[in-house]
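The structure under discussion appears below in the form of C-alpha cells.
Quick note: the coordinates plus some simple rules give every number you see, no bench work behind them. Note that this is a predicted model, so its numbers are computed, not measured. Positions of Cβ are backbone-derived with ideal geometry, glycine not excepted, and every protein chain shown enters the neighbour counts.
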Amino acid sequence: METVRVAVAVIIIADRVLIAKRAKHQHQGGLWEFPGGKIEPEESVDSALERECFEELDISPLQIKPLTTIEHTYPDKAVRLEVCTVHDFLGVPKGKEGQPLTWCPLQQLSSFDFPEANHSIIELIVA
C-alpha cells in the first residue's frame, strides 16, 4: 500500500484552533480535521501547506513551524501527516470548498470526532 503524504495546518490563534468538517464523499468523510491536503511530488511541506491553505481557506500563512510527523495506516489507506503550526496568516478563513469551519477552543477538541490519525495531534496541542 502506497503512503499518501499530507501537509496538515494546525492554525492556532490565542486559545482556539481552526478545524474543518470533511465532506461525506471523502475518505473519513463527516469527521472534523485540521486543514491541509496531499503533498505533490517534488513539493515541499511548506509549499503544499501554503497552497492548500489558499485553495481550501483563502488564507496565506505567514509563519509555518513543523510540529510532528505521524504515520498511520487505515484499513484502506496509509498516510504520513507532516503537521505544522500556523500562528499568523493573511486573509479571513472561509470554507472555499463548502466545508464548515469552526474556531474551536483547544480544551474542547476532544468533543469533536476526528480521524484516528489526528488524535495524537490533539494530544500534542492540548497538553
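Using θ = phi - 60° in the Karplus curve 6.51 cos²θ - 1.76 cosθ + 1.60, the 3J(HN,Hα) couplings for the range 103-118 round to 8, 9, x, 3, 6, 9, 4, 5, 8, 9, 8, 10, x, 3, 4, 8 Hz; x is entered for Gly and Pro. Between ILE13 and LYS96, the simple label model (points 7 Å from Cα in the Cβ direction) yields a spacing of 1.7 nm. The helix-only estimate of mean residue ellipticity at 222 nm for the chain, built from DSSP H runs of length n ≥ 4 each weighted as -39500 (n - 2.57), is -5000 deg cm²/dmol after division by the residue total.
Whole-Hz Karplus values for the range 50-65 come out as 4, 5, 5, 4, 6, 5, 8, 10, 6, 10, 10, x, 9, 9, 10, 10 Hz, taken residue by residue from phi with 6.51 cos²θ - 1.76 cosθ + 1.60 and θ = phi - 60°; glycine and proline positions read x. One entry in (i) -0.66; (ii) -0.39; (iii) -0.27 is log10 I(q)/I(0) by the Debye sum over Cα atoms at q = 0.10 Å⁻¹ calculated from the shown coordinates; its label is (iii). In the range 1-19, whose amide N lies under 16 Å from the spot 7 Å out along Cα-to-Cβ of ASP88? List them in ranges. It comes to 11-14, nothing else. With a Förster radius of 35 Å applied to the beta-carbon distance between PHE112 and LEU62, the computed FRET efficiency rounds to 0.85. Measuring nothing but how far apart in sequence close Cα pairs (under 8 Å, 6+ apart) lie, relative to its length, the chain scores a relative contact order of 32 percent.
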